[in-house]
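First up is the structure itself, then whatever we jot down about it.
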Amino acid sequence: MSLFGSSGIRGLANIDVTPELALDVGRAVGAQYRDVVLGRDPRLSGRMLASAFSAGVLSVGGSVCDAGVVSTPTLARGAQRYACGVVITASHNPGEYNGIKLWNPDGMAFGGEQQEEVERALSTRDWTLASWDATGQFTERGDLPELHREAILRAVGSAELHVVVDCGNGATANVTPYVLREMGCRVTALNAQMDGHFPGRDPEPTEEHLAALRHAVVATEADLGVAHDGDGDRMVAVDEKGAFVGGDKLLALFAKRRARKGLVVPVDASMALDDLLGGLPVYRTRVGDVYVAQELKKRGADFGGEPSGTFIFPDQTLCPDGPYAAAYLATLVNERRLKEWLAEIPAYPIVRDALKFDAGRREALVAAVGRALGSLLAKEVTQLDGWRLAFEDGWALVRFSGTEPKIRVTAEARDVVRAKQIHEKVFAAVKGAVA
Ligand code: MG
């Protein structure tokens, strides 16, 4: 059984992620951790699942503090005084999805071992229902967004900008617009009414989903636009000309400013980061913010993130904090325009393609691809997540998709000719192996 993915439990609400499942996960977590703080994003199925989860914790004698509708970083920061934090969220997935993500008191998501423990407890139903007079205590608190706002304001300076904020009808609506205003910004808020139908836009903050934000920045002559996903662990931006600035560019900008001891990024992050940091250690992990957080803690590095737009500032919290990243970006743009900052960041060409494989032969094909890649004389081959082949002047990544019968091949180099060359060579080897 593998209930947990790299982002916790996730699936279609009431089909994959049911009240029965939430009840049992609540029992497993309650039995082990006893004292739980619980929040949810504004999805329509959120209250249903949160109620079931609460009932599970209470039924085994654990206590629940319900923090209501909050962003993921709001809850993860608030988990400090509890044994475990829980967010009912499906992050950037569309409205019909939901999920359960678990947090440690230091703001780090549950890693593999902790998830396995919960799975084991679920499969053996390893809990004891409490007697009627020993069922758990239920309390509520509504102050976590305020505490989150105050923590960000203590950490960042002021900014006198006009910022357009697109909360995507998600959980950051009670954090980011207020924080920016308190910092001294003039704020125009889009989709800042929480609504689990996500009427404003898709919760994933991709370029094509942010047309309204890009237009609003230009139309209102704003200095900056920022956008979050549904639960606020991601942040991306729009410059004053209305151009989308993705997580990959912001990752490089933040790394340049904040990484002093070391940087942690997933295997698919650009080699521009290594060049930009001129010799500072760059540690690579499997794709998933929890792996970045674990490596940050292990290495004592001071910044990490993913090209998808999750940024972890360990001096704040080990949870990716979209509202903090937005506030910090505003202080940078207060010094210089975003475009000027980005002019210092090298952008290298990345070539991506995928090929289909016969899912029934997966195991044999994985072995064949591994052998074929081994013969390519790469400088180094690492297998943290698929195969990452490092060459003198570029790299390639080969991954079997977890969700579709596709093998994705990505290559990057400092110029487009070389990136294409590496991609062709690796793609041909993979194709030969699965033929
Ligand atoms: Mg998210």
- Setting aside same-chain residues fewer than 8 positions from residue 356, which lysines have a Cα under 17 Å from its Cα? 406, 431
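Using a Förster distance of 41 Å, how high is the FRET efficiency between residue 435 and residue 343, based on the Cβ-Cβ distance and rounded to 0.05?
Values: r = 45 Å, r/R0 = 1.09.
Taking R0 as 41 Å, the efficiency between residue 435 and residue 343 is 0.35.
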- Looking only at 380, 182, 363, which one moves most when the chain is put into a Gaussian network model with springs between Cα atoms under 10 Å? 363
- Task: In a Gaussian network model over the chain where Cα atoms closer than 10 Å are linked, find which of 163, 238, 369 has the largest mean-square fluctuation.
- Result: 369
- Query: Suppose R0 equals 56 Å; then what is the FRET efficiency for residue 257 and residue 133 from their Cβ-Cβ distance, rounded to the nearest 0.05?
  - Reply: 0.50
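Filter the cross-link list 297/339; 297/379; 261/298 down to pairs whose alpha-carbon distance in this structure exceeds 21 Å.
On the way: 297/339 32 Å; 297/379 28 Å; 261/298 13 Å.
Too far apart for the 21 Å limit: 297/339; 297/379.
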- For the charge dipole of segment 4-141, defined by +1 on Lys and Arg C-beta atoms and -1 on Asp and Glu C-beta atoms about the Cα centroid, which residue among 128, 94, 14 has the Cα displaced farthest towards the positive pole? 94
- Message: Between segment 269-301 and segment 96-171, what is the separation of their alpha carbon centroids in Å?
- Response: 25 Å
- Note on the structure: Per the 1/(1 + (r/R0)^6) rule, R0 = 41 Å and r from the Cβ atoms of residue 298 and residue 208, FRET efficiency to 0.05 is 0.65
- Message: Relative contact order for segment 4-141: what percent, with Cα pairs under 8 Å and sequence separation of 6 or more?
- Response: 31 percent
- Roughly how many Å is it from the Cα centre of segment 350-416 to that of segment 1-16, as a whole number? 26 Å
- Task: Springs between alpha-carbon atoms under 10 Å, Gaussian network over the chain: tell me which of 371, 299, 286 tops the mean-square fluctuations.
- Result: 371
- What does the helix-only formula give at 222 nm for the chain: each DSSP H stretch with n ≥ 4 adding -39500 (n - 2.57), the total divided by the residues, and the result rounded to the nearest 500 deg cm²/dmol? -11000 deg cm²/dmol
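Values in this text are rule-based calculations from the coordinates and carry no lab data. Model, not experiment: these values are computed from the prediction. With ideal geometry, Cβ positions are generated from the backbone for all residues, glycine too; neighbour counts draw on all protein chains shown.
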